[in-house]
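What follows is a set of notes on a single structure, which appears directly below.
The values are calculated or read from the model by the stated rules, or taken from the named source; none is laboratory data. What you see is a predicted model; the values in this text were computed from it and never measured. FYI the Cβ positions are ideal-geometry reconstructions off the backbone, even for glycines, and counts take in every protein chain you see. Note: accessible area is taken over every heavy atom of the protein model, side chains too, but ligands, DNA and RNA are not part of it. Shrake-Rupley method; radii C 1.70, N 1.55, O 1.52, S 1.80 Å.
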Amino acid sequence: MNTIIISALSGIILMFSGFYIKNSRALTFISALMFIAIIIGGVFELNGCKMLDGRFPNMIGESLYGVSFIIGLAALAVFYLLINKDQFGKVGNHVGEYFALIFFSFTGVAVLGQFNNLVLMFLGIELMSIPMYIIAGTNKESLKSTEASVKYFLMGAFSTGILLLGITFLYGATGTFLVDNIDKFDQNFEMIYYLGWIFIIFSFCFKVGAAPFHMWTPDVYAGTPTVFTSYMSTIVKGGSFLGFILVMQHFPANAEYSGYLRVLLGAIIVLTLVLGNFGAVTQKSVKKMMAYSSIAQAGFMLFVLFQVNSVSKEALFFYTIVYSVANFIIFYTIQQTKAEKYEDLIGLGKANPFLAAATSVALISLAGIPLTGGFIAKFMALSIGGANAENLVIIVIALVMAVLSMYYYFKVIIHMYFKEGHSNIKTQDGLTTALLVVGVIVLILMGIFPGILPSFLATPMW
């Protein structure tokens, strides 16, 4: 509950701060401090110091894993805010409101980490999504931004309907909204019960950008101001996966229906990997390539749902961190170069070799090359899928798609270093340089010492 309350209060404070503080950098640093407060609140919660302890047990559960995951996302948010500290003011004049929306969205993420009731899960998803519909349209001078906002809202409303239908069916079959009890159902309503699960899975697939519910992703990512695309593709996606795995751990352990679930997940994963990777290969826009890359990465992250246990939870946590850090660096580069096409990155290797090197490490990590966190993240996810021999074909397809992804990730590196041209990109300030160094170190350290994350947390998260 600590993280939920502090997130909501932070949103209210930032909303009113915008009336009095007009300096976007000052608002950015205040927001970073608020996220640090969320981290501290989460640490207190892990150690048993909780606000409203024991209240609302039918709504809020005790998920140490969920709280740990939220702490990780809050730490990523601090990194995101500081590396983009000069970008928020370029979107428009309502910087305070932008940060308020980010915190309200993060409140939804915090709810998704601790829900104990399907109704609260629904509220968490909507609380996370609705501010994003607004943020997508914050560039008032861009028709693409308006289009992204409307499209995101309409598709989001569609997925909300599917989710509500799924929750209704589960309630009809079980007579309860409590997630701890939804694995027991009336056998007379078996079909409705499993149909409810299918609708919930489909709805979460929309939120994480998995096929065939991924259609909104390229246009929304491309139309949304880049600084917010960076947040949308990382922390919001991570929060959605957190809610996804926490609800899927209550799927009934029935051998027959677990088999059906495996087939359904397998089909979604294959579709997501194929459509994401082939979509990225054909793009000329760097931002749209990153949108399809996000879809492809979601395909790998979905492997953790084959078996929901402590190992898969740790794999999802690990994957979210390395994927988010890499995306922050790449989207920062896209903003600095104002890159619409690959050609806009030509000459970056000479003009700003440090930024080009950091971007290269991030791209290599996303491609899953050894000695980077991206390789370990993919290895952990595929290991979970590989525990069942029947998933062998899916694993092989995933490996082929991982090889294919190198084409569009290395295409960026080739344009930065090996194409003839000139770039006027200036070097970044000291703080941004330090953050880029930290990002690169995190990606490499997590690739060389994969046990560093659980050792660092050193807590019985699950």
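Assorted remarks:
- Helix 353-367 and the long axis of the chain differ in direction by around 30°, with both axes built from C-alpha atoms.
- Rounded to the nearest 10 degrees, the angle from helix 430-448 to the longest Cα principal axis of the chain is 50 degrees.
- Those residues of region 170-189 whose amide nitrogen sits under 11 Å from the label point placed on residue 119, 7 Å along Cα→Cβ: 177-178
- Overall form of region 59-141 per C-alpha gyration tensor (a/c, 1.5; a/b vs b/c): oblate
- Under a model in which nothing but the beta-carbon of Lys, Arg (+1) and Asp, Glu (-1) is charged, the chain shows a dipole of about 1140 debye around its Cα centre.
- Of all accessible heavy-atom area on the chain, the percent that carbon and sulfur account for (1.4 Å): 69 percent
- Region 80-119 residues near the modelled residue 157 label - backbone nitrogen below 19 Å, point 7 Å along Cα→Cβ: none
- When the square roots of the Cα gyration tensor eigenvalues are ordered a ≥ b ≥ c, the ratio a/c for region 89-203 is 1.5 or more and a/b does not exceed b/c, which makes its shape oblate.
- Centre separation in Å (Cα based) which lies between region 31-69 and region 146-163: 30 Å
- The angle between the Cα long axis of helix 255-281 and the main principal axis of the chain comes to about 20°, on a 0 to 90 degree scale.
- Cα gyration tensor shape for region 358-462, rounded if a/c is under 1.5, else prolate or oblate: oblate
- Each label point was placed 7 Å from the Cα along the Cα-to-Cβ direction; for residue 311 and residue 62 their separation is 2.8 nm.
- Straight Cα distances below 24 angstrom link residue 184 to the lysines 313, with same-chain residues fewer than 8 positions distant left out.
- Solvent-accessible surface of the chain, taken per residue with a 1.4 Å probe and all protein chains present: 39 Å².
- Sequence-distant aspartates and glutamates (8 or more away, or on other chains) whose Cα lies within less than 18 Å of residue 287: 147, 219, 340, 343, 344
- Note on residue 452 and residue 338: the model spin-label points, each 7 Å out from Cα along the C-beta direction, lie 3.6 nm apart.
- Other residues lying with their Cβ under 14 Å from the Cβ of residue 261 contribute a combined charge of -2, Lys and Arg counting +1, Asp and Glu -1.
- In the chain, Cα pairs under 8 Å separated by at least six residues give a relative contact order of 14 percent.
- Residue-averaged [θ]222 nm for the chain, counting only DSSP H segments that reach four residues, each worth -39500 (n - 2.57): -24000 deg cm²/dmol
- Local net charge near residue 420, Cβ-Cβ under 12 Å (Lys/Arg +1, Asp/Glu -1): +1
- Each Lys or Arg adds one and each Asp or Glu takes one away; over the other residues whose Cβ falls under 14 Å from the Cβ of residue 125, this sums to +1.
- Loop trypsin sites (Lys or Arg not before Pro), region 118-160, which have at most 12 other Cβ atoms in a 10 Å radius of their Cβ (DSSP): 140
- Extension gain for residue 144 to residue 178 (0.36 nm times residue separation, less C-alpha to C-alpha distance): 8.1 nm.
- Filter on 140/237; 284/350; 288/419; 22/341 - keep pairs with C-alpha separation over 30 Å: 22/341
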